[in-house]
Amino acid sequence: MFKMPVYRAPDFSREPFTSAPNATLAPVEADGVAPEGFHSTSVFPEYVKVDGSWLLARHSRMDASIVVGRDETGARELRIVENRNLRAGDLVVLGRTENAEQGIYVHADCFDDPCDEASDAHDKFAFRQGRSRETSFARDYDRLYERMRYDRDHGKIVWVMGPAFAFDADARHAMQLLIENGFVDGIMAGNALATHDLEAATLHTALGQDIYTQQSQPNGHYNHLEVINRVRRAGSIEAFVRDQDLDDGIIASSVRCGVPLVLAGSIRDDGPLPGVLGDAYAAQSAMRDMVSDATTIICMATMLHTIATGNMTPSYTFCDDGSIRPVFFYTVDISEFVTNKLLDRGSVSATSFIANVQNFIVIVAKGLGLM
């Protein structure tokens, strides 16, 4: 039975909070340049003491500055701003300590997870405490199903996807079922996923290979280019799906079900498809907007998109009633290096699956009773 982990707020009536000073603030002197000694955020909840009160930003991310401003009522509030987006006159929090000495407190150990039995283990030595291809993921799958069922009705589930899904018929079908049954509230990917999924929907190939038999088709290396050209002629992905009356695959089902897409381009893209964001910083901003209120994020077979998403996603989010809950973050890849890379960058709240993503998504669809 799913139980939401409980957020334990700091007791600000006790030391070291009561005697802590107000945080030091300094104005930005030039757009995009933080003042010396700026404080840089983590994925965890971070409180800042301003005018005698401890404040917490509603939306955070790693590697950004904290700007102190006022909301529409005139009350003090914190905004988390990438340094490139700072503007002259913004008041930025200064300080490099995290235990209230400078009016800044990073609240890392903040959730009581009723499903986590790890705290019951007292042995100082035990085998297989990391995540590897030898790890048993059965319990992780069960917890994932519970969280997805809960967040389908009470949250927002965002998927970050590499193009590997588009190369397999069963994986595309499984993802389509997840979309059609309400388990997908947003998709972030690149040009390749959308291109090859639309190629599969119209020509039953991906990069010219049959998506079921993997047999190369005559002149198949033209297929993805033909699809890109046809979509560009239609003017948009949505128009192409409508004009071709497509009802097969990831992109078509997203369009039909109203699931928003953020497609971030890269320097190696063919085409690209219309709607792909070629400006890296515009794409980053669009991705951050999508994850700002996400409650479960599942990143699959895309190292750079996964790391980017992990950096811009806090370990917590606010609910509509003002309560605070965790963001469940998953990474899935056949390479241990890729799944562990996010942990190396400080996003310790991620749960990793070492798995072929095509198999993973079929298992998830079956575990949710969709196949």
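Give me the one-decimal nm value for the distance between modelled label points at L225 and N85, 7 Å along each residue's Cα-to-Cβ direction.
Placing both labels 7 Å along Cα→Cβ, they lie 3.9 nm apart.
Over segment 69-110, average the accessible area per residue using a 1.4 Å probe and give it in Å², no decimals.
For segment 69-110, the solvent-accessible area averages 52 Å² per residue.
Using a 1.4 angstrom probe on the protein heavy atoms only, could you order L368, L207 from most to least accessible area?
The ordering from most to least exposed comes out as L207, L368.
Output the relative contact order of the chain, whole-number percent, from Cα pairs under 8 angstrom with separation of 6+ residues.
Details: 714 pairs, mean separation 65.8, N = 371.
After rounding, I find 18 percent.
Which of the trypsin sites (Lys or Arg not before Pro) across segment 10-96 are loop residues per DSSP, with 11 or fewer other Cβ within 10 Å?
On the way: sites: R14, K49, R58, R61, R70, R76, R79, R84, R87, R96; in loops: R14, R58, R61, R87, R96.
Loop-located and lightly packed - R14, R87, R96.
For a quick check, take a GNM of the chain with Cα springs below 10 Å and name the residue from V33, V158, V255 with the largest mean-square fluctuation.
With Cα springs under 10 Å in the chain, the top fluctuation among V33, V158, V255 is at V33.
Any chance you could run the full-extension gain for S335 through D270? It's 0.36 nm times the residue separation minus the Cα-Cα distance, nm to one decimal. List each step's numbers first, then the result.
Numbers: separation 65, 0.36 × 65 = 23.40 nm, distance 2.60 nm.
Stretched out fully, the S335 to D270 stretch lengthens by 20.8 nm.
Given a 1.4 angstrom probe, I'd like the percentage of the accessible area of the chain that is carbon and sulfur, rounded to a whole number. The partial results should precede the final answer.
Working: 8550 of 17830 Å².
About 48 percent, which is the carbon plus sulfur part of the accessible surface.
Expressed in nm to one decimal, what extension gain is obtained for the pair D140 and F12 from 0.36 nm per residue of sequence separation less their Cα-Cα distance? Mind dumping the intermediate values first?
Details: separation 128, 0.36 × 128 = 46.08 nm, distance 3.51 nm.
Working it through step by step, the gained length comes to 42.6 nm.
Kirkwood Rh over alpha-carbon pairs of the chain, then Stokes-Einstein at 4 °C and 1.567 mPa s: what D in µm² s⁻¹, rounded to an integer? Working shown, then result.
On the way: Rh = 22.3 Å.
Roughly 58 µm²/s, to the nearest whole number.
Would segment 296-346 count as rounded, prolate or oblate if I go by the C-alpha gyration tensor, calling it rounded below 1.5 in a/c and otherwise prolate when a/b exceeds b/c, oblate otherwise? List each step's numbers first, then the result.
Values: a/c = 2.91, a/b = 2.43, b/c = 1.20.
Verdict is prolate for segment 296-346.
In nm, to one decimal, how far is the modelled label at F318 from the one at S236, with both set 7 Å along Cα→Cβ?
3.1 nm
Along the Cα→Cβ direction, 7 angstrom out, place labels at D109 and A30. What is the inter-label distance in nm?
Here the modelled spin labels are 4.4 nm apart.
Need one number: % antiparallel among DSSP beta bridges in the chain, to the nearest 5.
Working: 31 of 54 bridges.
Taking every DSSP beta bridge with both residues in the chain, the antiparallel ones total about 55 percent.
Let me know the longest stretch in the chain that avoids all chymotrypsin sites (Phe, Trp or Tyr not before Pro) found in a DSSP loop with at most 10 other C-beta atoms within 10 Å.
On the way: sites that count: F125, F127.
Answer from the scan: 128-371.
Taking square-rooted eigenvalues a ≥ b ≥ c of the alpha carbon gyration tensor, is segment 264-312 rounded, prolate or oblate, where a/c under 1.5 means rounded and, failing that, a/b exceeding b/c means prolate? Don't jump to the answer; show the numbers that get you there.
Numbers: a/c = 2.15, a/b = 1.57, b/c = 1.37.
Since a/c reaches 1.5 and a/b is larger than b/c, the shape of segment 264-312 is classed as prolate.
What range in the chain is the longest one free of GluC sites (Glu not before Pro) that are in a loop by DSSP and have at most 12 other Cβ atoms within 10 angstrom?
Values: sites that count: E29, E36, E72, E117, E134.
Here the longest segment lacking exposed loop sites spans 135-371.
Name the residue, out of I66, I354, I267, whose mean-square fluctuation peaks in a Gaussian network model built on the chain with Cα pairs under 10 Å.
I267
The values are calculated or read from the model by the stated rules, or taken from the named source; none is laboratory data. Owing to the predicted nature of the structure, the values given are computational and were not obtained by experimental measurement. Heads up, the Cβs are rebuilt from the backbone with ideal geometry, glycines too, and the neighbour counts pull from every protein chain shown. Just the protein is used for accessible areas: all its heavy atoms, side chains included, with ligands, DNA and RNA removed. Shrake-Rupley method; radii C 1.70, N 1.55, O 1.52, S 1.80 Å.
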